[in-house]
Structure formats: C-alpha cells, structure tokens
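Everything on this sheet refers to the single structure shown next.
The values are calculated or read from the model by the stated rules, or taken from the named source; none is laboratory data. A quick note: this is a predicted structure, and the numbers were derived from the prediction, not measured. All Cβ positions, even for glycine, are placed from backbone atoms using ideal geometry, and neighbour counts span all protein chains on display. Ligands, DNA and RNA are excluded from the accessible area calculation, which covers all protein heavy atoms including side chains. Shrake-Rupley method; radii C 1.70, N 1.55, O 1.52, S 1.80 Å.
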Amino acid sequence: MKNPNLLVLSVSLPTPPPETVFFGGLPPEAIEAIKAAYGTVVHILDPPKDGFNLTVKLNLSKLPPDEEHRQELLGKIASIREVVQGAPLKSVLKQLVSRTVKSELNKLISLVHRPNESFFVVPQADKVTVVFPMRFKDSVDSILATSFLQEFVDARRTAGLGNAPHCLWSPSPPQELKGAPAEALLANAGFVSFVISPRHVEGRKLDRTVWSLSTFHAYVSYHVKCSEGFMHTRMRRRVESLIEALDRAKPDWKKVKKAVQTRSFKRLSINDGRATSNSRN
C-alpha cells in the first residue's frame, strides 16, 4: 500500500527427484536466466520466503512505456516458473547454437518438470536429444496418452511438418537413458524422444523450443483430458438418444385401456338347446 509500484512474487517449484541437481533450491543457470529475461524490473530477494524456492520484487514503474513490449514482459513475468525450470535446458540449447563443446557432451542430464519426476537431456556436438518418461496416475489416462503419443509421432511424417524435430515413441526406455536410475524409468505411457537440431533453436526459435519442451507433459495431459471429456460427452448423448427411442417405443397405456373399453364383441350362449347371440359394447 505504501508503494503500489512494488510487488513481491514468490515461486514454489516441484520437488526434485534424487537424480536432479539443484543449487540453493533452484535449477542450474536459473539466476542468470531471470536476470536476462527481466533486467532491472525484477530484483531477486535472498533468502526467499519460507516454503518457496524463489522470491522476487517487481518494480512496475520500470516497465517499458510501449504497450506491446509492456504486455510481452508481463507475459514473461507470469511465466517465471517456466523461465526458472527451463534455464538448464536453455543453456544446453545455446551451446548447440554456438556449436561449443563442453564436458557435458554425451552426458545424461536430468531436469525436473513435475514433483519427483524428471526428463532427460543428452547434449551432443550436432544435436540434443530430449527424452520424456510419460507417467500418469490414472490407468485410463495412461491408455489415452499412449494412443495420443503414437498418433503424435505419426503426424510428424506428414508433408507439412518436414522441418519439425524428429520424434520417437517407445514402450521401453531408449538407449539414451542407459545409466539412469531405475525409479526414473517407470513410465506407464512409454517414452517420447525429441531430437533438436541447430535449426530448431536459431534466433527467436530458442525461447519457443524451450517453452514447448518444458511444458510438453502438460500439453499431453491437456489433450488427454480433452479426449476423455469428449468421449464422455459422446457417451452421454448416445445414452440420451437411446432413452428417447425407448420412450417413443413405450405404449400409451391410457389409449390402450380406452380402446379395450370401447371394443365390441359377440358372445354365444346356450339357452334351452338354442344358441342365442348377444351383442355387448
């Protein structure tokens, strides 16, 4: 209230699995990524607030005067969690652009993206392979995800997606995950691998590629839930149509009873050896 231009923002990150390395509660290169993305608008507070991995102070008076750049920076601030979590991946992909060779060459790097779950990056001189073990708690979700991922890989072969990263799916861990902990290889929806080439991270493509890879599991989960909701909607509509058909097939008992009451018939009776016919309504 004293200074409405100052805003404190705290971020909590997923609990990292044992194979993932954190420095001071943050992924590697996270501090550098925050400074590069926000400049003087964001000031990192040390230590962060209790229960959080990161606390920053935003100075809204330093936002760009241009409306377009202001909205772009505000969008980045709203995505600060992805900026922090995607920092190690962005650092590896930058090396791919510059074609610099580091000691991490062919080394399996584990990056956290969900609580106690990680995906893996294998940097090489001319490409970077990113592997996602796909896990789902619900058995129906895992079945839908498996079908979706297989179609996802097949879609890569269409003519219009020739420049997209090479994508593979397998039910068992790929060769790139050799040496990974056994707990990290428990995936009930298989393993998805993307092969990133320098052309996929050139210029402004770098941020888009980092964003797409960092949020890939959320992307798949979204489509799985949409598919499940669509099927439930179709099932409800089908049941409703069947009920309507059954209702139309039911006889109208009031009309049937009235028809029985107004029906005429003849009754034959034997009286004194002679047959008589009586008409009764």
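Among residues of the stretch 8-34 being modelled with pLDDT of 90 or more and open to solvent by 40 Å² or more (accessible area, probe 1.4 Å), the one that is nearest to residue 92 (Cα to Cα) is 32.
Take the conditions (1) surrounded by 11 or more Cβ atoms within 10 Å (Cβ to Cβ); (2) within 29 Å of residue 80 (Cβ to Cβ); residue 227 misses just one of them, which is (2).
Residue-by-condition table, conditions (1) within 28 Å of residue 228 (Cα to Cα); (2) open to solvent by 60 Å² or more (accessible area, probe 1.4 Å):
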residue	(1), (2)
114	yes, yes
131	yes, no
134	yes, no
138	yes, yes
163	no, yes
168	yes, yes
180	no, no
188	yes, yes
201	no, no
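Remark: pairs (first residue in the stretch 21-38, closer than 28 Å to residue 181 by Cα; second residue among the hydroxyl-bearing types (Ser, Thr, Tyr) and assigned to a strand (DSSP E or B); Cβ separation under 9 Å; 6+ apart in sequence or on different chains) = 21/110. The set of residues in the stretch 116-129 that are of a type in the set (A, V, I, L, M, F, W, C), open to solvent by less than 10 Å² (accessible area, probe 1.4 Å) and either under 19 Å from residue 30 (Cα atoms) or at pLDDT below 90 (or both) comprises 119, 120, 121. Of all residues in the stretch 45-72, those being crowded, with 19+ Cβ neighbours inside 10 Å and not in a loop (DSSP other than H, G, I, E, B) number 3. In this entry, residue 118 passes the filter for residues that are under 23 Å from residue 225 (Cβ atoms) and in contact with a strand residue (DSSP E or B) (Cβ under 6 Å, 6 or more places away or on another chain). All of (1) in a helix (DSSP H, G or I); (2) surrounded by 10 or more Cβ atoms within 10 Å (Cβ to Cβ); (3) not hydrophobic (A, V, I, L, M, F, W, C) hold for residue 247 with one exception: (2). When residue 172 is tested against (1) in contact (Cβ under 8 Å) with a residue 40 or more places away in the chain; (2) under 20 Å from residue 117 (Cβ atoms), only condition (1) is not met. Remark: pairs (first residue in the stretch 210-234, touching a residue at least 40 places away in the same chain (Cβ under 8 Å) and of a type in the set (S, T, N, Q); second residue in a helix (DSSP H, G or I) and open to solvent by less than 80 Å² (accessible area, probe 1.4 Å); Cβ separation under 6 Å; 6+ apart in sequence or on different chains) = 214/82; 214/85; 227/144.
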